[in-house]
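J.: Here it is: the structure, laid out below.
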Amino acid sequence: MGNEAWNVAPRTPITAEDVAAATVRAIRQLDESFFRARFDRRTRREREFLFAMLAVGGSQQRSGEIAEKMGVKANAVSPLRATLIRKVMIFSPSYGDTAFAVPFFDSFLERQLANPLN
């Protein structure tokens, strides 16, 4: 994002307005490339798991709560959870907890819900 601030700013010093504009550009670029590529390679079921994590909310989610959001038993999501850990989409910060491995990926998912055609 720092690089974008330099690209956006017409002159130095960089202003708060420049940083705001750079942030919008940087997020758009991440959405169109880094986040999009990671999201598009997930199966339908993996995406459901990720959206269920988002729906549970918070920085860490309990596997049982994710399963409940998906309408299944906790042991039914274990293989799916393990696959997403192996693919470095999520990680387990402590036993039974799940968190997104990619910073701001939850924000990307929120934007997908708000604008599903993207």
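Read-outs: derived from the displayed coordinates by stated rules, not from any lab. Keep in mind that this is a model prediction, so the values were computed, not measured. Note: ideal-geometry Cβ built from the backbone for every residue, glycine included; neighbour counts use all protein chains shown.
J.: Provide the gained length on full extension for the span THR12 to ARG62, in nm with one decimal, where the gain is 0.36 nm per separating residue minus the Cα-Cα distance.
T.: 13.3 nm
J.: Using DSSP to define loop residues, name the trypsin sites (Lys or Arg not before Pro) in the stretch 22-118 whose beta-carbon has at most 15 other beta-carbon atoms within 10 Å.
T.: ARG41, LYS73, LYS87
J.: Here are some values of mean projected area of the Cα convex hull in nm²: [x] 8.4; [y] 6.8; [z] 11.2. Which one was computed from this structure?
T.: [x]
J.: Charges only on Cβ, +1 for Lys and Arg, -1 for Asp and Glu: so what's the dipole of the stretch 44-114 about the Cα centre, in debye to the nearest 20? Don't skip to the end; give the middle numbers.
T.: Values: 10 positive and 7 negative charges, 56 e Å.
For the stretch 44-114, the charge dipole is close to 260 debye.
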